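Reviewing the structure listed below.
Taken together, the values in this text are just the output of simple stated rules run on the coordinates, not laboratory data. Not measured: the values here are computed from a predicted model. Cβ coordinates were reconstructed from backbone atoms using ideal geometry, including for glycine residues, and neighbour counts include every protein chain displayed.
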Ligand code: S5P
């Protein structure tokens, strides 16, 4: 039987996973599959960005460790905005160590990521035992965490996430369907509609940044490569009119998603 990939059809399946349930509700009510990568280094810049783009995003992706003036007031402000305007807080920490170290990096240090992030990225490189430790930590503690994405494939030139790597990553995810919401990938890396496929490397104008990043169009990312959610950074954050650009990406992303034939 053919799988139907429309969000409407996948809603029940996706809702079995707490993170995906949250995301799909936001996506459908706000009609957006745009996640903005807020790679800015000042808290005020991030807050200003969010104030402009909140209506167009389902998730706000952060690299908390690039911020120069981190504070708990900043986190509180983000949480208030996320609550009010309905988007999830996504810390792109790309955990990649032994389980115990990941646990410390998730819960401790300056940023106490698990106390505020709804989702994080995890590399599969260290094996699935580390993912299971991670899941136990999240399930046994009172955290903001709803789930994670596994990195199946990176967007950069020469990335080693090829050959068996995406496939084996999918195998890990299948073992923890309540915890792993989906993947960071370039092309949809699995035929299971109960996962969400998130893709960075999207830019309507440019094809590369001269530092290894590879960009392609929304059309390519969603229609051809069959991803669900586009992750867009500089194409929006460096635009003259950030709000208009976020709206343009959200509109194009959503129309590509809902007009996809499978
Ligand atoms: O393979 C990847 C995975 C990620 S999460 N390639 C990526 O570029 N990313 C992240 O997406 C990266 O860390 C950055 O925050 C964002 C892309 O930003 P842009 O400015 O290139 O759109």
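Based only on the alpha carbon positions, what is the Kirkwood hydrodynamic radius of the chain, in angstrom? Mind showing how you got there, number by number?
Working: mean 1/r = 0.0545 Å⁻¹.
Its Kirkwood hydrodynamic radius stands at 18.3 Å.
Would you give the gap between the C-alpha center of segment 216-262 and the C-alpha center of segment 83-156, rounded to a whole Å?
25
For segment 1-99, what is one quarter of the convex hull surface built on the Cα atoms, given in nm²? It would help to have the intermediate numbers written out before the result.
On the way: hull surface 33.3 nm².
Mean orientational projected area (segment 1-99, Cα hull): 8.3 nm².
Would you calculate a helix-derived [θ] at 222 nm for the chain, using -39,500 (n - 2.57) for each DSSP H run of n ≥ 4 and dividing by the full residue count, to the nearest 500?
-11500 deg cm²/dmol
Where does each of 176, 111 land when they are ranked from fewest to most other beta-carbon atoms within 10 angstrom? Provide the component values of the computation, followed by the final result.
Details: 176 17, 111 20.
Starting with the residue having the fewest Cβ neighbours, the order is 176, 111.
Once the Cβ-Cβ distance between residue 51 and residue 206 is put in as r, and R0 is 35 Å, what FRET efficiency do you end up with, to the nearest 0.05?
Working: r = 26 Å, r/R0 = 0.74.
With R0 = 35 Å, the Cβ-Cβ based efficiency is 0.85.
Over the chain, what relative contact order in percent results from Cα pairs under 8 Å that are six or more residues apart? Spell out each step's value before the answer.
Values: 485 pairs, mean separation 55.4, N = 262.
So the answer I get is 21 percent.
Looking at the square roots a ≥ b ≥ c of the eigenvalues of the Cα gyration tensor of segment 125-249, which shape do they give, rounded for a/c under 1.5, prolate if a/b is larger than b/c, or oblate? Walk me through the intermediate numbers first.
Numbers: a/c = 2.09, a/b = 1.59, b/c = 1.31.
In terms of gyration-tensor shape, prolate.
At a 10 angstrom cut-off on C-beta neighbours, averaged per residue, how do the peptides 69-78, 5-14, 178-187 rank from highest to lowest? Walk me through the intermediate numbers first.
Numbers: 69-78: 13.7, 5-14: 15.4, 178-187: 23.7.
Final packing ranking: 178-187, 5-14, 69-78.
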